[in-house]
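Structure first, then comments.
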Amino acid sequence: MSDFSGRTGLIVGVANKRSIAWAIAQQADAAGARLVLTYQNERLKENVEELVPQLTTPPILLPCDVSRDEDISHLFATLDSQIDGLDFVVHGAAFAPREALSAPFIETSREAFRTALDISAYSLVAMARGAAPLLAKKGGGSIITLSYLGADRVFPNYNVMGVAKAALESSVRYLASDLGAQNIRVNTISAGPIKTLAASGVSGFSGILQVYRDRAALKRNIDTGDVAGAAMFLLSDWSRGVTGEVIYVDAGYRPMGM
Ligand code: NAD
Ligand code: 0WE
């Protein structure tokens, strides 16, 4: 079970116990990994501090607002001095201004477009650049991020987040190409809908869950544990030959035609 012993992972995107990133953190911890968890701001710091006693190995907690270059450079400078390399990185940050997820897509402002792509897509590029030297120190590693089928298909109200996820998935392929020679892999899990903080306040979310449950091959919704299982595969050596890919964890929604 402890196949992550001696490994260190950086996890970005824990907001509360329902976060997908938290389920991945719990699985990686259970497998023996030592973790670095970041939090977006002081308000979320308290949430993360309340969760960490659940982990077997006490993690390193550091602040990182991924929209700030100085936060990212400070994070990796701190890690460089505190740990001897990284084995994996989990990127689970996304944001678009609320109004952009309810008005028609055609009304998307330049500012909302910029914010959504900055936080939800560019941040992966910046994190990969910062992490690469630490991953290379361990002879390579695995970077994953979280996407949604709205990158490829239109879902009502997903709007500019769909455009951001398309940029994110393309960034995964270009990063995989840049980092492959250093044995650093980059992949994304495209998850089905889950009622997390990022989904709360999305009007009609229960309806989306219902449609997925009805149409998915497995006739159910997924939970954060389902995503964490696939994450453990992508973060481990079992996936050593996989990079630049989008892995769908959606209970078989995407393959269905009707
Ligand atoms: P969540 O709200 O728990 O996680 C989103 C995280 O993004 C939060 O921890 C938040 O702090 C972080 N974040 C936002 N702006 C940030 C910033 N400027 N700096 C640092 N962190 C920032 O919700 P979640 O559903 O666990 O989302 C995690 C990822 O999974 C996101 O990329 C989301 O798009 C993706 N995803 C979610 C679903 C779903 O239905 N919940 C489905 C597919 C993909
Ligand atoms: O990626 C996401 C959610 C991302 C998200 C959610 C919010 C809500 C609160 C990004 N930014 C914000 N900004 C806010 O102010 N998902 C895959 C979950 C999700 O969100 C939807 C979905 C699905 C699925 C929004 C509309 C339609 C479907």
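The values are calculated or read from the model by the stated rules, or taken from the named source; none is laboratory data. Small disclaimer: the values here were computed from a predicted structure and weren't measured. Reconstructed Cβ throughout: ideal geometry from the backbone, glycine too, with neighbour counts over all protein chains shown. Keep in mind that these areas ignore ligands, DNA and RNA; they rest on the heavy atoms of the full protein, side chains included. Shrake-Rupley method; radii C 1.70, N 1.55, O 1.52, S 1.80 Å.
Counting Lys and Arg as +1 and Asp and Glu as -1, what is the net charge of the other residues whose Cβ lies under 10 Å from the Cβ of Ala112?
On the way: positive: Arg98, Arg110, Arg114; negative: Glu99, Glu107, Glu111.
Taking every other residue near Ala112 into account, the sum is 0.
Counting alpha carbon pairs within less than 8 Å and at least 6 residues apart, what relative contact order, in whole percent, applies to the chain? Provide the component values of the computation, followed by the final result.
Details: 502 pairs, mean separation 48.5, N = 258.
Relative contact order comes out at 19 percent.
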Any idea of the accessible area per residue across the chain, 1.4 Å probe, to the nearest Å²? 47
What is the helix-to-structure angle for 20-30, meaning the angle in degrees between its Cα long axis and the longest Cα principal axis of the chain, kept from 0 to 90 and rounded to the nearest 10? 30
Karplus (6.51, -1.76, 1.60) ³J(HN,Hα), θ = phi - 60°, over the stretch 51-61, in Hz, Gly and Pro reported as x: 7, 4, x, 6, 8, 6, 9, x, x, 8, 10
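Could you tell me which of rounded, prolate or oblate describes the stretch 164-258, using a ≥ b ≥ c as the square roots of the eigenvalues of the alpha-carbon gyration tensor, with rounded for a/c under 1.5 and, failing that, prolate when a/b is larger than b/c and oblate otherwise?
Working: a/c = 2.22, a/b = 1.88, b/c = 1.18.
Prolate, since a/c reaches 1.5 and a/b exceeds b/c.
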For the chain, longest principal axis from Cα atoms; helix 159-179 axis from its Cα atoms; angle between them, nearest 10 degrees, is 30
Ordering 74-82, 6-14 by per-residue average of other C-beta atoms within 10 angstrom, highest first, gives 6-14, 74-82
Give me the lysines in straight-line cross-link reach of Lys45: C-alpha distance below 22 Å, same-chain residues under 8 apart excluded. Lys17, Lys195
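Could you tell me what percent of the accessible area of the stretch 136-183 is made up of carbon and sulfur, with a 1.4 Å probe and every protein chain present?
On the way: 1110 of 2100 Å².
The computed percentage sits at 53.
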Kirkwood Rh and Cα-based Rg: tell me the resulting Rg over Rh for the stretch 1-103, rounded to two decimals. 0.99
For the ranges 208-215, 232-239, what's the packing order if you count other beta-carbon atoms within 10 Å of each residue, average per peptide, and put the highest first? 232-239, 208-215
For the chain, average projected area of the Cα convex hull in nm²: 13.3
Quick shape check on the stretch 48-95: root eigenvalues a ≥ b ≥ c of the Cα gyration tensor, a/c under 1.5 is rounded, otherwise prolate if a/b tops b/c, else oblate, and it reads oblate
For Ser142, which sequence-distant residues (separation of 5 or more, or a different chain) have an amide H within less than 5 Å of its own amide H, given hydrogens modelled in the peptide plane? Phe88, Val89, Arg185
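Net charge near Arg7, counting Lys/Arg +1 and Asp/Glu -1 over other residues with Cβ under 15 Å of its Cβ? Let's see the in-between values first.
Values: positive: Arg34, Lys137, Lys138, Arg185, Arg240; negative: Asp3, Asp29, Asp84, Asp87, Asp237.
Value of the local net charge: 0.
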